[in-house]
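Participant: Take this structure, written in structure tokens, and hold onto it; I'll ask about it next.
The values are calculated or read from the model by the stated rules, or taken from the named source; none is laboratory data. The structure displayed is predicted, hence computed values, not measured ones. Cβ coordinates were reconstructed from backbone atoms using ideal geometry, including for glycine residues, and neighbour counts include every protein chain displayed. These area figures cover heavy atoms from the full protein model, side chains too; ligands, DNA and RNA do not enter into them. Shrake-Rupley method; radii C 1.70, N 1.55, O 1.52, S 1.80 Å.
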Amino acid sequence: MIVRELRPNVYSLSALDWDRKIFDELVPLPDGTSYNAYLVKGSEKTVLIDTVHPSMSEGFIKALKSLGLTRLDYIVSNHAELDHAGSIPAVLAAFPEAKVLANAKCRSLLAASLDLPREMFGLIQDNGTLSLGDRSLRFMWMPWVHWPDTTVTYLEPDNILFTCDFFGAHLATSELYATEEARVERAARMYYAEIMMPYRKQISKHLDRLAIENIALIAPSHGPVYHRPEFILQLYREWAEDATRPEVIIPYLSMYESTTKMVNYLIDRLMEKGLKVQPFNVVELDSGRFASALVEASTLIFASPTVLDGAHPAMATAAYLVNALKAKAGYAGIIGSYGWGTSMPDNLRSLLPNLNANWFVPVIASGVPKAEDFTALDRLAGDICLANSAAAEPGPTIRLD
Ligand code: FEO
């Protein structure tokens with residue numbers, strides 16, 4: 001647990017989880033993570049904004065006491081998930097006079113997950129303010145980043161925005177600020193992809209709302225503080241907008257190498273045409289890297305052998321992820337080899353109702369791919385290329401399904 005001063009009487013308290021490898025048994029953490037809480041000592045009131053993962057409660061309470069805290073007036077809970085709210089009971093045990101402030105949705109979730117009585121809570125209203133004496137807090141409801149409960153808290157006159165998960169990054173680093181921008185961008189992008197991407201429409205609205213605010217620091221509850229807020233705001237604008245970049249993502253696997261031959265052939269043709277391509281073998285899929293690749297890619301080509309007249313289960317899992325994350329790709333296609341059943345493309349496509357894409361004519365080969373299959377892949381490569389140039393400039397007809 002490290003305590004650092006952001007401004008006079010405004011502190012960051014970071015629990016660094018250097019070794020954590022996976023979050024929610026779902027999200028890989030190649031760089032660990034951190035849980036950040038913030039303490040603001042106003043001239044009249046002291047407020048804690050969020051807490052830390054419950055496994056780190058003991059060190060967190062010690063850190064609060066190391067700041068000479070004898071009284072805590074409020075705990076603002078921006079978001080009820082336990083990596084930020086899980087130490088609220090420990091804080092209340094140490095500072096029983098503190099009142100927990102949350103919006104109504106967050107209060108319901110907190111009351112359920114922490115088994116706390118509702119009377120313990122004060123309610124936060126959208127655009128409501130709280131005076132701390134020489135400073136004040138303003139609360140902005142920003143639901144669906146990534147739960148329905150989130151509040152973003154703005155400290156004036158310091159102009160610090162405490163955003164909890166919003167703009168976060170799973171990154172354990174000794175740096176207080178996002179000075180290593182390339183590293184932070186990778187981590188923030190993966191975090192956005194895994195957690196925020198399904199809600200990009202709501203995120204765009206929140207970004208519009210924040211555009212009129214004068215923000216000096218963005219202080220999220222995972223990863224470093226943004227001392228240059230425009231860095232992360234601009235990235236989020238690009239990630240959340242509808243526009244895509246010309247890039248072909250190919251989740252694939254093969255059982256007897258036929259589908260691999262088709263994939264390799266297609267990749268070569270696309271590269272010859274100057275397109276950026278990223279294949280991902282889905283058998284041991286790194287879901288973080290895969291999700292990151294989906295953030296801005298224009299095109300998805302699923303390449304699967306046929307199993308029981310459908311996609312291979314590993315491909316079905318990858319498709320589930322694409323569908324759940326609501327990838328914004330505008331074009332999609334299916335290729336692969338089959339033995340006796342020809343319904344794999346239809347069955348795979350039915351797993352992707354959220355993928356709002358134009359579909360290319362599928363290319364499926366009976367057994368090993370033959371000359372006519374490679375010719376079909378040539379056509380597909382041409383159509384993918386046309387589609388990607390068509391994104392900027394409408395051109396000749398593309399063969400779509
Ligand atoms: Fe970092 Fe939604 O919790």
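Participant: Students often get this wrong, so check it: of Lys201/Lys273; Lys205/Lys328; Lys105/Lys326; Lys205/Lys326; Lys326/Lys370; Lys41/Lys99, which have C-alpha atoms separated by over 27 Å?
Facilitator: Lys201/Lys273; Lys326/Lys370
Participant: Pull out the extension gain between Ser350 and Glu25, defined as 0.36 nm times the separation in residues minus the alpha carbon to alpha carbon distance; nm, one decimal.
Facilitator: 114.3 nm
Participant: Something else now. Go ahead and run the numbers for FRET between Arg4 and Glu284, Cβ-Cβ distance against an R0 of 35 Å, rounding to 0.05.
Facilitator: 0.35
Participant: With a 1.4 Å probe and every protein chain kept in, tell me what percent of the accessible surface of the chain is carbon plus sulfur.
Facilitator: That share works out to 52 percent.
Participant: Something else about it: How high is the relative contact order of the chain? Use alpha-carbon pairs under 8 Å, at least six apart in sequence, and give a whole percent.
Facilitator: It comes to 11 percent, rounded to a whole number.
Participant: Rounded to the nearest 500, what is the chain's calculated 222 nm mean residue ellipticity when only DSSP H runs of at least 4 contribute -39500 (n - 2.57) each, over all residues?
Facilitator: Mean residue ellipticity, 222 nm, calculated: -9500 deg cm²/dmol.
Participant: Any idea of Asp378's accessible area? Nearest 10 Å², probe 1.4 Å.
Facilitator: The accessible area comes out at roughly 60 Å².
Participant: Say a paramagnetic label sat at a point 7 Å from the Cα of Asp208, along Cα to Cβ; which residues of segment 187-201 have their backbone N under 15 Å from it?
Facilitator: Of the residues in segment 187-201, 200-201 have backbone N under 15 Å from the label point off Asp208.
Participant: Give the distance, in whole Å, between the Cα centre of segment 27-72 and the Cα centre of segment 107-137.
Facilitator: Between the Cα centres of segment 27-72 and segment 107-137 lies a distance of 17 Å.
Participant: Further question on the same structure: When the Kirkwood radius is taken over all Cα pairs of the chain, what Stokes-Einstein diffusion coefficient follows at 4 °C and 1.567 mPa s, in µm²/s?
Facilitator: Here the translational diffusion coefficient equals 57 µm²/s.
Participant: While we're on this one: Per residue, how many Å² of accessible area does segment 2-240 show with a 1.4 Å probe?
Facilitator: 38 Å²
Participant: Take peptides 218-229, 152-163 and line them up by average Cβ neighbours within 10 Å, highest first, as a rough protection proxy.
Facilitator: 218-229, 152-163
Participant: If you don't mind, there's one more thing I want to ask. Whole number please: convex hull volume per residue, Cα atoms of segment 218-357, in Å³.
Facilitator: Taking only Cα atoms, segment 218-357 has a hull volume of 119 Å³ per residue.
Participant: Semi-axes of the equivalent ellipsoid for segment 101-148, please: Cα gyration tensor eigenvalues, times 5, square-rooted, ordered largest first, whole Å.
Facilitator: 21, 15, 7
Participant: Counting heavy atoms of the protein chains only and a 1.4 Å probe, report the per residue accessible area for segment 245-390 as a whole number of Å².
Facilitator: 41 Å²
Participant: Antiparallel versus total DSSP beta bridges in segment 2-240: what percent is that, nearest 5?
Facilitator: 70 percent
Participant: Using the Cα centre of segment 245-390 as the reference point, and only Cβ charges (+1 on K/R, -1 on D/E), how large is the resulting charge dipole? Debye, rounded to the nearest 20.
Facilitator: About 320 debye.
Participant: In segment 148-248, what percentage of the DSSP-assigned beta bridges are antiparallel, given to the nearest 5?
Facilitator: Antiparallel bridges: around 45 percent, rounded to the nearest 5.
Participant: Any idea what the relative contact order of segment 176-272 is, in percent, if you count C-alpha pairs under 8 Å spaced at least 6 apart?
Facilitator: 26 percent.
Participant: For segment 28-121, which trypsin sites (Lys or Arg not before Pro) are both in a DSSP coil and crowded by at most 15 other Cβ atoms within 10 Å?
Facilitator: Qualifying residues, ordered by number: Arg71.
Participant: Relative contact order for segment 294-401: what is it in percent, counting Cα pairs under 8 Å that are at least 6 residues apart?
Facilitator: Normalised by residue count, the contact order of segment 294-401 is 27 percent.
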